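Written below as structure tokens is the structure these notes are about.
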Amino acid sequence: MERIRNLVRETLSDAWYALYRYTFEYLRSDGSWKQQEREAYDRGNGAGVLLYDPLRQTVVLTRQFRLPTYINGNADGFLTEVCAGLLDGDTPETCIKKEILEETGYAVPHVEKVAEVYMSPGAVTEKLFLFQGRYTPEMKREGGGGVESESEDIEVLEWTYAEVYEALEKGGIQDAKTLILLQHALLYGPLKATFQK
């Protein structure tokens with residue numbers, strides 16, 4: 001049964017990404033129709049990846065300035081994150097391999113999808129495709145750091161599994177996609193055996 005009818009979209013802004021206002025009728029659980037209005041920010045879908053080396057027990061993460069976090073109380077505005085980016089018309093797997101090379105400098109041949117998630121479904125349309133992938137030092141091809149033309153200034157980090165666990169324990173990771181991928185790795189993936197109690 002359809003629960004949405006008479007959906008109308010109005011563009012509020014398309015300066016960077018698109019901000020829309022939607023007016024629609026929603027069928028409530030009591031059987032009545034109610035007109036509602038919502039705004040939704042559409043920046044496209046994206047992908048993120050946890051890179052891990054099981055032999056050396058390390059992961060590759062990134063650190064970069066995020067203005068919205070600075071505005072909302074993050075003292076220096078920097079977040080530690082997994083490598084990620086927008087699909088921009090690519091498949092999720094093609095996108096994330098390109099982002100890995102641009103951001104970290106590694107040419108990783110294989111990634112494995114672990115989840116599809118909506119990061120902020122109350123206001124943002126974006127769906128993220130989350131992956132994990134094995135890397136080795138021999139896969140390093142470039143310096144990483146992001147794309148200059150996109151004003152990216154990304155620091156590449158290599159943490160041990162122990163450092164990851166400590167950061168999770170102390171609340172040192174504040175980025176949602178990174179928390180999801182690291183916790184998935186601890187529960188089901190490459191970090192599981194290391195920290196089983």
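The values are calculated or read from the model by the stated rules, or taken from the named source; none is laboratory data. For clarity, every value in this text was computed on a predicted model and none was experimentally measured. Cβ: placed from backbone, ideal geometry, glycine included. Neighbour counts: every protein chain shown.
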Considering each of Glu99, Glu93 in turn, give the residue that is within 15 Å of the chain's Cα centre (by Cα), surrounded by 15 or more Cβ atoms within 10 Å (Cβ to Cβ) and within 17 Å of Leu61 (Cβ to Cβ).
-> Glu99
Taking into account only those residues within the stretch 143-160 that are modelled with pLDDT under 95 and crowded, with 18+ Cβ neighbours inside 10 Å, which is farthest from Gly46 (Cα to Cα)?
-> Gly144
Scan the stretch 102-120 and report the pairs whose first residue is within 17 Å of His184 (Cβ to Cβ) and at pLDDT below 95 and whose second residue is in a loop (DSSP other than H, G, I, E, B) and not hydrophobic (A, V, I, L, M, F, W, C), with Cβ atoms within less than 7 Å and a gap of 6+ or a chain change.
-> Met119/Glu126
Sort out which residues of the stretch 10-20 are assigned to a loop (DSSP other than H, G, I, E, B) and aliphatic (A, V, I, L, M), and write them in order of number.
-> Ala15
Of residues in the stretch 161-197 being exposed (fewer than 12 other Cβ atoms within 10 Å of the Cβ) and charged (D, E, K, R), the one modelled with the lowest pLDDT = Lys197
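Can you list the helices (runs of 4 or more DSSP H) lying wholly within the stretch 86-197 that have 1 or more residues being aromatic (Phe, Trp, Tyr) and outside the structural domain of Thr62 (by TED's automatic domain parsing)? It would help to see each step written out before you state the result.
Numbers: elements: 92-104, 161-170, 176-187.
Result: empty, no element qualifies.
If we scan the stretch 21-28, do we find a residue that is assigned to a strand (DSSP E or B), modelled with pLDDT of 95 or more, among the charged types (D, E, K, R) and in the same structural domain as Val156 (by TED's automatic domain parsing)?
no
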Which condition number does Arg56 fail, the rest of (1) crowded, with 16+ Cβ neighbours inside 10 Å; (2) outside any helix (DSSP H, G or I) being met?
-> (1)
Take Gly31 and decide whether it is assigned to a strand (DSSP E or B) and not acidic (Asp, Glu).
-> no
Before we move on, is Leu51 of a type outside the set (D, E, K, R) and either within 30 Å of Glu112 (Cβ to Cβ) or surrounded by fewer than 14 Cβ atoms within 10 Å (Cβ to Cβ) (or both)?
-> yes
